[in-house]
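Trainee: Here it is: the structure, laid out below.
The values are calculated or read from the model by the stated rules, or taken from the named source; none is laboratory data. The structure displayed is predicted, hence computed values, not measured ones. Here Cβ is always computed from backbone atoms with ideal geometry, including for glycine, and neighbour counts include all displayed protein chains. Areas reflect the complete protein model, heavy atoms only, side chains present, ligands, DNA and RNA absent. Shrake-Rupley method; radii C 1.70, N 1.55, O 1.52, S 1.80 Å.
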Amino acid sequence: MRMFNKNLRLQDITIMYFTGLAALMVILVASYQPSPSSDLPPLTMPFHMPLDPRGDLLLSWNISYVSQEVYMQLRVAELKHGVVLGMSDRGELTNADLVVLWDTGTRSYFGDAWSDSKGHVSLDTQQDYELIETKQKADGFYLIFKRPFSTCDPRDYVIEEGTVHIIYGLLDEPLPSLEDLNLSRIHTGVQRLLMLRPDMPSPTLPPDVRTLDVVAPNVIIPNQETTYWCFIQKLPDNMPKNHIIMYESVITPGNEAIVHHIEVFECAPDLQEVPHYSGSCDDKMKPRKLNFCRHVLAAWAMGAEAFYYPTDAGLAMGGPGSSRFLRLEVHYHNPLLISGRRDSSGIRLHYTPSLRRYDAGIMELGLVYTPVMAIPPKQHSFYLTGYCTSKCTRTALPPGGIYVFASQLHTHLAGRGVRTVLVRGGKELEVVQEDPHFSTEYQVKERTGDVLITKCTYNTEDRNKPTVVRRSGGFGIMEEMCVNYIHYYPRTQLELCKSHVDPEYLQKYFTFINRFNGNDQCVCGDVGVTEQYSQVHWDDFAGEVLDSLYNTAPISMHCNQSTARLFPGEWEKQPLPEVTSILPKHRYPCEGGPKSYTEVSGQRAIVGPIEDQRGICNVT
């Protein structure tokens, strides 16, 4: 980090700091009572995200790309002595950019703050959050403020495209001084959202559009942390072929922070009947035919907006060659074990009988849902890679190739980034997508023989045990996923193109690492893979060897048809594709870095650029 001007004495800097702080405290006074009516026009907040599982904190926002500002509205159902809202790289309480509303017992304040490496909170000498209004309404306390995307303050988070980790906390006691606050001593939580959304109008739907709601049948959400709920819904008899041209989520009010993600699958066309079912997807007594309902029609994850198809393509539903049965899968994340909550969430399909030129399709890329691959504990950055090989694309794609027009990426809590790259002729050609949001304006052509590589980055520094990539039965939010749903046309029978490390080579790893640690009696064949991972003595060496295995060992390919059956061919022990990296590591390189400034004789002096301690330049 560069130093301040050597001519500035420490005494001068100290005087400037406390002078600014004193002036700041005068400016920041804000009453908890409703503010007087403002001359400002009402602010619309089209984007919403509940922050806590009970829905007591609701964040709404709007974006001004002209002024490069975000307008935010925080509703607190029951405000006691203050609230903390902040942003940090990965949801950490340390080195976070904060906005705080607090009271001392006699007066109330609003201010821009930050937390240090131990979670201690301090006011920021540069105030970049601007209070617009506070008001008390029947459903809670409203706090409205705004902030620029970038503030040129090294303690502030740069708001840019991609996932933003929001941290929040409520103050139950008065604060004599904000410096008395330590985030580790109050109840806090984390929510992830996409703050910057495409600045374009939604397409106009045709006049003959119809809707079909595929929703849970008023189920009682189990009082357990993780539930995957399955429901079979039947389409109308003799339904002709239609095109789905848009879909959106339908979330039961109050459950916005519990419904984690939703998928709608079409069953295999050759199934004449699928038994009615509404229950846990993990129930061993569920009908076996549910396993053949894997053709994805729609996929939604928390924070996603409505999904529109391009004007020349739609997703086929109904008619010859399709199934009359759909399977809804809702993932409930209920960490507070709330009981008795009913839910009818799902997805609303907008479809038209006026068929478009192309049938669109959805294909899954990434890692197979199996515990064969895992992330060791205490890892700052650990990478897992899933392959869609040239052998699979040559087998399953038409000679003219396909057009990929959208992408939806998904991991669980340890996920830090996802990047799918198109490889042709052994060289990286194009980044398909690299952050968990999609754009219907994006389009890339994939040819037969191309390779698609999906690489996921994980952080498990806060975990003491290995994290598997979604074990069979009882899928949990603390387990992981690495998946990219690509939307494309024209549709093919290729439903899933994923991989995992060859199991025999993984067993060689367990044997080697056990012997290295002095355990000659390997139990590799006696227990499951998840247990074998848990028995490893995890140190740097064990993690490095596992990483080496994943990057060199043969893979098992899942080149699956929409019937959930493999395409004909040999898919075990396939060599890793040879790839030459020619693309930049980051899609959005940092240019110049953020700058800091301080007031010197009334003039703004640039002191920088400096390296941001939270790694803002390292966008994944």
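Trainee: For the range 82-112, which positions are among the small types (G, A, S) and in a loop (DSSP other than H, G, I, E, B)? Give the derivation first.
Mentor: Our first condition is that a residue be among the small types (G, A, S); within the range 82-112, this holds for 82, 86, 88, 91, 96, 105, 108, 111.
If the condition is that a residue be among the small types (G, A, S) and in a loop (DSSP other than H, G, I, E, B), then G91, A96, G105 are the ones that fit.
Trainee: Next up: Answer yes if at least one residue in the range 417-435 is among the small types (G, A, S), touching a residue at least 12 places away in the same chain (Cβ under 8 Å) and under 30 Å from T226 (Cβ atoms), and no otherwise.
Mentor: Filtering the range 417-435 for residues among the small types (G, A, S) gives 417, 425-426.
Applying the additional criterion that residues be touching a residue at least 12 places away in the same chain (Cβ under 8 Å) yields 417, 426.
Next, from what is left, pick out any that are under 30 Å from T226 (Cβ atoms): 417.
Yes, because at least one residue in the range 417-435 is among the small types (G, A, S), touching a residue at least 12 places away in the same chain (Cβ under 8 Å) and under 30 Å from T226 (Cβ atoms).
Trainee: On the basis of being part of a loop (DSSP other than H, G, I, E, B) and either modelled with pLDDT under 90 or surrounded by 19 or more Cβ atoms within 10 Å (Cβ to Cβ) (or both), does R54 make the cut?
Mentor: Numbers: part of a loop (DSSP other than H, G, I, E, B): yes; either modelled with pLDDT under 90 or surrounded by 19 or more Cβ atoms within 10 Å (Cβ to Cβ) (or both): yes.
So R54 passes the test.
Trainee: Please go through the range 410-447 and pick out each residue that is open to solvent by 50 Å² or more (accessible area, probe 1.4 Å), at pLDDT 70 or above and either on the phi > 0 side of the Ramachandran plot or not in a strand (DSSP E or B) (or both).
Mentor: L413, G425, R447
For (1) outside the structural domain of E544 (by the TED database); (2) of a type outside the set (A, V, I, L, M, F, W, C); (3) open to solvent by 40 Å² or more (accessible area, probe 1.4 Å), each residue gets a yes or a no:
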{"position": "T352", "(1), (2), (3)": "yes, yes, no"}
{"position": "E364", "(1), (2), (3)": "no, yes, no"}
{"position": "Y369", "(1), (2), (3)": "no, yes, yes"}
{"position": "Q379", "(1), (2), (3)": "no, yes, no"}
{"position": "Y383", "(1), (2), (3)": "no, yes, yes"}
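Trainee: Going by the conditions given, is H260 within 22 Å of N218 (Cα to Cα) and part of a strand (DSSP E or B)?
Mentor: Details: within 22 Å of N218 (Cα to Cα): yes; part of a strand (DSSP E or B): yes.
Yes; evaluated as a whole, the condition is true for this residue.
Trainee: Scanning the range 221-264 for residues that are among the charged types (D, E, K, R) and under 27 Å from A360 (Cα atoms), which turns out surrounded by the most Cβ atoms within 10 Å (Cβ to Cβ)?
Mentor: Step one: list which residues in the range 221-264 are among the charged types (D, E, K, R), which gives 225, 234, 237, 241, 248, 256, 263.
Filter once more, so that each one left must be under 27 Å from A360 (Cα atoms): 234, 237, 241, 248, 263.
Working: K234: 14, D237: 6, K241: 16, E248: 17, E263: 21.
Top of the filtered list is E263.
Trainee: Before we move on, is V527 at pLDDT 90 or above and either among the aliphatic types (A, V, I, L, M) or surrounded by fewer than 21 Cβ atoms within 10 Å (Cβ to Cβ) (or both)?
Mentor: When the stated conditions are applied, V527 does not pass them.
Trainee: Would you point out the residue of the range 271-298, among those that are modelled with pLDDT of 85 or more and in a strand (DSSP E or B), that is surrounded by the most Cβ atoms within 10 Å (Cβ to Cβ)?
Mentor: If we take residues in the range 271-298 being modelled with pLDDT of 85 or more and in a strand (DSSP E or B), then A298 is surrounded by the most Cβ atoms within 10 Å (Cβ to Cβ).
Trainee: Then there's this: If you check A301, A306, A257, A268, which single one turns out to be touching a helix residue (DSSP H, G or I) at 6+ places or on another chain (Cβ under 6 Å), at negative phi and modelled with pLDDT under 90?
Mentor: Details: A301 fails: touching a helix residue (DSSP H, G or I) at 6+ places or on another chain (Cβ under 6 Å); A306 fails: touching a helix residue (DSSP H, G or I) at 6+ places or on another chain (Cβ under 6 Å); A257 fails: touching a helix residue (DSSP H, G or I) at 6+ places or on another chain (Cβ under 6 Å).
It is A268.
Trainee: On to the next question. Can you name the number of the only condition in (1) open to solvent by 10 Å² or more (accessible area, probe 1.4 Å); (2) at pLDDT 90 or above that C392 fails?
Mentor: Single failed check for C392: (1).
Trainee: Additional query: Scan the range 557-567 for residues that are buried (at least 19 other Cβ atoms within 10 Å of the Cβ) and at pLDDT 90 or above and jot them down.
Mentor: Initially, the range 557-567 is screened for residues buried (at least 19 other Cβ atoms within 10 Å of the Cβ), giving 557-560, 562.
Passing the criteria: M557, H558, C559, N560.
Trainee: Right, here's the next one. Restricting attention to strands (runs of 3 or more DSSP E) lying wholly within the range 140-215, give those where 3 or more residues are within 29 Å of G105 (Cβ to Cβ) and at pLDDT below 90.
Mentor: Working: elements: 140-148, 163-170, 188-194, 210-215.
Counting at least 3 such residues, we get no strands (runs of 3 or more DSSP E) at all.
Trainee: Let me ask something additional. Report whether or not K146 is of a type in the set (K, R) and within 25 Å of the chain's Cα centre (by Cα). Give the steps one after another, and end with the answer.
Mentor: Values: of a type in the set (K, R): yes; within 25 Å of the chain's Cα centre (by Cα): yes.
Against the criterion (of a type in the set (K, R) and within 25 Å of the chain's Cα centre (by Cα)), K146 qualifies.
Residue-wise test of (1) open to solvent by 30 Å² or more (accessible area, probe 1.4 Å); (2) within 29 Å of L413 (Cβ to Cβ).
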position	(1), (2)
S60	no, yes
V66	yes, no
E78	yes, yes
E92	yes, yes
N95	yes, yes
S108	no, no
L123	no, no
K137	yes, no
C152	yes, no
